[in-house]
Each structure stands twice: as structure tokens, then as C-alpha cells.
Amino acid sequence: MQAVVLGNKSFLPRSRGDLAAALQLLDHAKRLVPDDPIVRSWAMALEAMTKAWAREPAESLAALEAAERVLDEARPAAAPAWFDYYDRPRLAGFKGQVYIRLAQPQAAQAVLEEAVEALDLDAAKQRACYLADQAMVWVDEGDVDQACQLGIQALQLLGEVEYETGVQRVRDLRTKLRPWPDHPAVADLTEQLLLVS
């Protein structure tokens with residue numbers, strides 16, 4: 001449990017830009033769970049994201065590969081009962097975030113589609129995040145209509161479940177759409193975002 005606390009705690013310094021502190025927490029988390037492949041893989045996936053934020057593409061991709069290898073070795077029953085929010089689809093979501101950060105839109109789009117399709121039907125929070133992430137890729141590709149459509153789908157899910165992380169992902173999408181203030185789809189997304197916020 002301490003490893004999971006440290007992993008979650010790493011989000012704080014990462015959001016402040018203190019990537020060295022975030023990586024130090026994640027390294028400590030990994031050392032605490034040498035015999036727990038699922039929690040260890042999760043910590044490695046967080047490390048991959050942090051390395052992507054630090055603009056260290058080779059290290060980020062290596063951490064992702066390591067997270068996949070470790071997860072491949074894990075038995076699903078080996079996960080602690082309270083650690084039910086990490087599995088292969090969620091690792092795919094981490095991969096999508098990494099590819100977005102590393103400016104690899106085609107890889108991001110492919111892995112995020114895989115993640116959305118593999119999620120359980122009741123995983124509305126994660127589905128909303130992955131749809132918002134896919135929308136970000138479509139903005140990078142110049143398809144504002146598709147980006148807004150996916151953003152609105154994410155907001156529809158977020159209207160049913162409260163999840164601030166998902167709402168923030170759509171806010172980030174809306175920020176990225178600033179160059180198109182008069183686009184009708186952007187106006188629709190903005191209206192839907194105001195209803196959920």
C-alpha cells in the first residue's frame with residue numbers, strides 16, 4: 001500500500017514541474033514492491049509518463065516496455081483486492097498519454113482506440129479520459145469536428161459520473177481549441193463543458 005501512496009504522491013511534484021522529485025518517489029515505490037508485478041508495472045507506467053513530461057523519449061519508452069513485460073508476467077489474481085484500477089487497458093491509456101507527450105499522434109491514436117475498446121462497460125471514468133485524450137490527438141491532426149465530437153462524448157459520460165480528472169482533460173482540450181473560437185463544434189463543446197463543470 002505504501003508503494004501506491006508514493007505513486008499517487010508523485011503526481012504532486014510532477015504537476016509542479018519537479019520531475020526529479022516525482023521520479024524519486026516512483027523509484028522508491030518500485031523498490032517497495034519487488035514481488036508485486038501489478039503494482040510494480042503501474043509504478044513503471046507512471047515513471048514512463050513522468051519521463052515523457054521530462055522530454056526523455058528513450059527513457060520513457062523503455063519504462064513503458066518494462067511496464068508491459070512486468071504486467072505480462074503477472075497473474076490477475078495476484079493483484080491486491082484494493083488495487084483494482086490498473087490492468088492492460090489502463091496501461092494502454094498510459095501509453096496513449098506518453099505518445100501524446102512525445103508527439104507521436106498515430107501511435108497515440110492506435111493505442112487509445114485499443115484502450116477504449118478493451119475497457120469494461122462500467123469504466124466510465126477511464127473511458128471519458130481516453131476519449132478526451134483521443135480528442136487531443138485529433139486537434140493535433142487538424143480535425144476540430146472529430147475532436148469536439150469525442151470531447152462531447154467524454155462530457156456525456158462525465159455527466160453521469162463525477163470525475164474531476166476527466167473534466168480537467170476536457171478543459172485541457174478546450175484550451176487547445178482556442179485557435180478556433182468561432183467554430184460551431186467548439187461552441188457546442190464549450191456549452192457542454194459549462195454544464196458539467
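The values are calculated or read from the model by the stated rules, or taken from the named source; none is laboratory data. It should be emphasised that the depicted structure is a prediction, and the values quoted were computed from it without experimental measurement. In this analysis, Cβ positions are derived from the backbone assuming ideal geometry, glycine residues included, and neighbour counts consider all displayed protein chains. Accessible surface is based on the protein model in full, side chains and every heavy atom, while ligands, DNA and RNA are left aside. Shrake-Rupley method; radii C 1.70, N 1.55, O 1.52, S 1.80 Å.
Within region 22-35, does at least one residue satisfy the condition of being modelled with pLDDT of 90 or more, among the small types (G, A, S), within 17 Å of K95 (Cβ to Cβ) and open to solvent by less than 40 Å² (accessible area, probe 1.4 Å)? No, region 22-35 contains no residue that is modelled with pLDDT of 90 or more, among the small types (G, A, S), within 17 Å of K95 (Cβ to Cβ) and open to solvent by less than 40 Å² (accessible area, probe 1.4 Å). As a summary of the residue check, F11 satisfies the conditions (1) of a type in the set (A, V, I, L, M, F, W, C); (2) free of Cβ contacts under 8 Å to residues at least 40 places away in the same chain; (3) crowded, with 24+ Cβ neighbours inside 10 Å except for the one numbered (3). When restricted to residues that are over 16 Å from R169 (Cβ atoms), touching a helix residue (DSSP H, G or I) at 6+ places or on another chain (Cβ under 6 Å) and either open to solvent by 40 Å² or more (accessible area, probe 1.4 Å) or not aliphatic (A, V, I, L, M) (or both), region 96-108 contains 1.
For region 117-130, the tally of residues that are within 20 Å of R171 (Cα to Cα) and either of a type in the set (A, V, I, L, M, F, W, C) or in contact with a strand residue (DSSP E or B) (Cβ under 6 Å, 6 or more places away or on another chain) (or both) stands at 3. Scanning region 156-171 for residues that are over 15 Å from Q126 (Cβ atoms) and at pLDDT below 95 yields one hit, G159. What about T175, is it at pLDDT 95 or above, surrounded by fewer than 14 Cβ atoms within 10 Å (Cβ to Cβ) and hydroxyl-bearing (S, T, Y)? When the stated conditions are applied, T175 passes them.
The listed residues are D72, D120, and the only one of them that is open to solvent by 20 Å² or more (accessible area, probe 1.4 Å) and in a helix (DSSP H, G or I) turns out to be D72. Screening A135 against (1) open to solvent by less than 20 Å² (accessible area, probe 1.4 Å); (2) touching a Phe, Trp or Tyr at 6+ places or on another chain (Cβ under 8 Å) leaves a single unmet condition, (2).
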